[in-house]
Every structure is written in C-alpha cells, then in structure tokens.
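The values are calculated or read from the model by the stated rules, or taken from the named source; none is laboratory data. Fair warning: this is a prediction, and the values are worked out from it, not measured in the lab. With ideal geometry, Cβ positions are generated from the backbone for all residues, glycine too; neighbour counts draw on all protein chains shown.
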C-alpha cells in the first residue's frame with residue numbers, strides 16, 4: 001500500500017547507498033562511524049556492508065532509529081544484532097563528537113562572539129563550556145561504566161545485581177543534555193543582538209540543529225536498544 | 001480523556017482494536033459499530049475526539065468526499081482503518097492511518113500523533129514578552145535564589161513562583177537556570193556582578 005511507512009520497504013539492502021543518503025541526509029554522519037568511506041560509486045547498501053565488514057542488521061537498525069521517530073526495536077530484532085558492534089558504533093560516535101562536531105561548533109562560536117561585548121561573550125562561551133563538560137562526563141560514564149558492564153554480561157551472560165539503577169540515572173542525563181543544547185540554540189537564535197554577523201550565525205545554528213538531531217538519535221539508540229537489551233540479558237540470567 | 005469511536009464491519013477487528021487501545025493511556029472507546037447509520041445517529045451525543053473508521057463502509061462514490069460527511073463535527077479527527085487497497089487520494093482526508101499488519105507499537109504511535117494534534121490545537125503561540133513580575137522572578141533566579149526565597153522576597157506564594165517559572169520557560173524556550181541567567185544579562189535585567 002502506498003501509505004505504508006514501513007521502512008523495510010523503503011530502505012532495502014539492494015538499494016544504492018547513494019540513493020539512501022540522498023533521501024535520508026542524516027544518515028551521512030553514520031557512515032564514517034561504521035567505517036564506510038564516501039566515494040562508493042553505484043554500490044548497494046548490502047555490497048558496502050559486506051565490503052567493510054559491517055553487519056547489515058546493525059546498519060538497518062541504526063538507519064531505522066535515524067529515520068523513524070517512533071521506532072522501538074523488538075527484543076527479537078536486537079537478538080539478531082551484534083551488540084558489541086553497537087557499542088563500538090556508540091564509542092565511535094563519542095569520538096566523532098569530540099574530534100569533529102564540537103571543534104566545528106566552537107570555531108563558529110568563537111567567530112560569532114569575537115565582535116561582541118566581552119561581558120556577554122564570556123558568558124556564552126562559559127555556558128558552552130559547561131555544556132561540553134556535561135557531554136564529556138556523560139561519554140566517560142558510558143565508556144568507563146556502562147559499556148564495560150555490558151561487555152561483561154555479553155561475554156558471561158551473567159549479571160551482578162545492583163546495576164538496575166543505571167537505567168533511570170542514564171535517561172535523566174540524556175534529557176538534561178538535550179535541554180542544555182536546546183537552551184544554547186535558543187539563546188543564539190533569539191537573544192544574541194542582531195548586529196552579530198548573520199551568515200556566521202545561520203551556519204552555527206544549522207550545525208547546532210544537526211548536532212541536536214544526532215545527539216537525540218544517539219540517546220535513542222542507548223534508551224531503545226542498549227538499555228532494553230541489558231534488561232533482557234539481566235532477566236535471562238536471573239531465570 | 002480522549003474519546004474514541006470505532007466504525008468497522010468486522011467484529012473481530014472492532015474488538016481487537018478496542019483491546020489494543022486499552023494500552024493507550026487517557027483514551028476510552030465510547031462507542032463501536034459495524035454500520036454508518038448507527039454511527040451518524042449516535043455521533044452528535046458522543047462528543048468523541050477521534051473516529052477510527054474503515055473507509056470501505058462508505059460507498060465508492062462517496063469516498064473522495066468522505067470528510068465532508070463529518071462537517072457537523074469539525075473537531076473530530078478521523079483515522080482510517082485500512083483492510084484492503086484504497087486510493088491514496090481518499091486516504092489523504094484522514095489524520096492517521098492504521099493498517100491491518102501494523103504492530104501494537106505503530107498503532108499506538110499513530111493514535112498518539114493524532115492525539116497530539118488535538119491537544120496542540122488550542123495552544124496559541126505565546127508571543128508576549130515577559131511580564132514585570134516574571135522579570136522579577138527571573139532576576140531572583142539568576143541571583144541563585146531558591147523558590148521559597150523568591151516567594152519571601154517578592155511576597156508571593158511558592159505556588160505562584162512556580163507558575164511564573166513555567167511561564168518564563170514557555171515564553172523563552174529556555175529551561176536551565178544557567179541559560180536563563182545568560183538571558184537576563186543579555187537583556188540587561190541584571191549585571192554580571194549580581195550573580196553569585
């Protein structure tokens with residue numbers, strides 16, 4: 001039926017990767033994190049996955065999180081997906097934020113703040129630094145606590161108790177980070193005086209919206225894939 | 001509570017759908033029927049918000065103008081329950097579409113999306129700038145005061161402080177106290193030296 005928004009019919013493994021990206025731009029940030037370089041000519045999603053040793057199930061799973069707002073994968077789908085690869089992907093995303101996305105936004109921010117009165121610019125710069133610190137702390141928590149824990153239960157399939165508090169603490173953090181990013185976007189959009197160069201400001205805002213979208217998807221992957229799977233594994237091991 | 005009406009010829013589908021809807025919070029199936037006569041005679045008294053209807057109940061010649069049949073219920077949102085092929089221009093009259101092979105999650109999300117359009121309808125965007133009272137609350141917040149301290153210093157109740165805070169967040173789109181402080185300084189409500 002033409003009204004179906006079922007992704008499986010829209011993003012098929014046989015589809016040309018170039019067509020997929022042209023249709024769903026936000027997937028562009030996903031490729032480097034999976035180790036799929038651009039310049040792939042006419043190759044299909046399937047061909048590129050095989051060529052770069054990326055699980056096709058993983059690619060589909062990530063793509064659906066990016067494309068479908070209401071996508072909650074079932075445990076069955078998650079069981080078919082190599083979880084350690086998801087952890088690797090999330091870790092690559094952290095690195096991408098730190099090495100590319102943040103420096104890029106900082107570059108815009110510095111240019112934008114330069115002509116402003118110091119007492120204002122310092123304040124905004126400071127706010128940004130606080131946001132970044134929050135993000136870094138969040139990444140560290142995941143990489144030092146959550147991911148190792150997950151690798152452990154994956155390898156032993158055996159959970160130790162007392163870890164159930166992770167979930168709530170974890171989601172709270174996501175909400176805070178997304179709120180802070182949203183606050184910063186609104187300050188830049190609405191309240192910084194108009195005399196600041198508008199093209200720089202537009203570029204920066206476009207980057208902020210893209211980052212915000214990407215971080216939202218990143219959080220969705222953790223909330224809808226990682227945490228339900230951890231709970232599933234924990235429940236299995238208690239049986 | 002969102003009131004839902006179901007109009008679908010198959011009893012199995014009617015009951016199945018009503019059963020799924022029990023898992024959608026704040027909704028209630030107030031009436032379900034297999035025919036249009038019963039639907040149109042009951043509809044005026046039901047004050048329903050959403051009608052989930054199989055378009056096949058309408059004769060083919062009426063399907064293209066199906067929405068017009070509900071002109072006397074302008075607030076009612078229509079969701080199509082699609083059990084076989086229907087022309088896409090007919091389906092465009094609906095706020096949402098539920099298909100036979102949709103899983104529970106998708107059915108829920110379709111209904112929730114339609115519910116969201118219902119709720120956002122009454123919300124005019126708030127284009128007023130902050131009121132004098134809201135500015136005072138904001139200044140206190142920026143200085144690091146807590147709700148009860150703000151209430152004391154402005155001589156209002158804590159409840160009122162919270163209401164002002166909600167309005168400030170709604171109008172500015174800014175949630176954190178740190179960012180609100182930046183806002184206050186950018187708008188010359190406070191001086192940087194006032195912040196602790």
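Remarks
- Looking across A:150, A:204, one residue alone is in contact with a helix residue (DSSP H, G or I) (Cβ under 9 Å, 6 or more places away or on another chain) and either modelled with pLDDT of 90 or more or farther than 30 Å from residue B:170 by Cα (or both). It is A:150.
- Matching residues, segment B:154-177, being surrounded by 18 or more Cβ atoms within 10 Å (Cβ to Cβ), within 14 Å of chain A (Cβ to nearest Cβ) and not in a loop (DSSP other than H, G, I, E, B): B:168, B:172
- Yes/no for residue B:151 being crowded, with 18+ Cβ neighbours inside 10 Å and not assigned by TED's automatic domain parsing to the domain that holds residue B:47: yes
- Scanning segment A:187-200 for residues that are in a helix (DSSP H, G or I), within 12 Å of another protein chain (Cβ to nearest Cβ) and in contact with a helix residue (DSSP H, G or I) (Cβ under 7 Å, 6 or more places away or on another chain) yields A:187, A:188, A:189, A:191.
- Members of segment B:185-196 that are within 10 Å of chain A (Cβ to nearest Cβ) and part of a helix (DSSP H, G or I): B:185, B:186, B:192, B:193
- All conditions in (1) closer than 17 Å to residue B:7 by Cβ; (2) within 14 Å of chain A (Cβ to nearest Cβ); (3) crowded, with 17+ Cβ neighbours inside 10 Å hold for residue B:70, with the sole exception of (2).
A quick yes/no check of all residues on (1) out of contact with any helix residue (DSSP H, G or I) (no Cβ under 8 Å at 6 or more places or on another chain); (2) on the phi < 0 side of the Ramachandran plot; (3) assigned to a loop (DSSP other than H, G, I, E, B):
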position: A:20; (1), (2), (3): no, yes, no
position: A:53; (1), (2), (3): yes, no, yes
position: A:71; (1), (2), (3): no, yes, yes
position: A:77; (1), (2), (3): no, yes, no
position: A:105; (1), (2), (3): no, yes, no
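- Filtered by the rule that a residue be within 11 Å of chain B (Cβ to nearest Cβ), exposed (fewer than 14 other Cβ atoms within 10 Å of the Cβ) and assigned to a helix (DSSP H, G or I), segment A:107-124 gives A:118, A:119, A:122.
- Odd one out for residue A:163 among (1) surrounded by 13 or more Cβ atoms within 10 Å (Cβ to Cβ); (2) modelled with pLDDT under 90; (3) within 14 Å of another protein chain (Cβ to nearest Cβ): (3)
For every residue, the table says whether it meets (1) in the same structural domain as residue A:66 (by TED's automatic domain parsing); (2) without any contact (Cβ under 8 Å) to a residue 40 or more places away in the chain; (3) closer than 23 Å to residue A:131 by Cβ.
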site	(1), (2), (3)
A:189	no, yes, yes
A:200	no, no, yes
A:207	no, no, yes
A:225	no, no, no
A:231	no, no, no
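- Test for residue A:33: is it at pLDDT below 90 and more than 30 Å from residue B:88 (Cβ to Cβ): no
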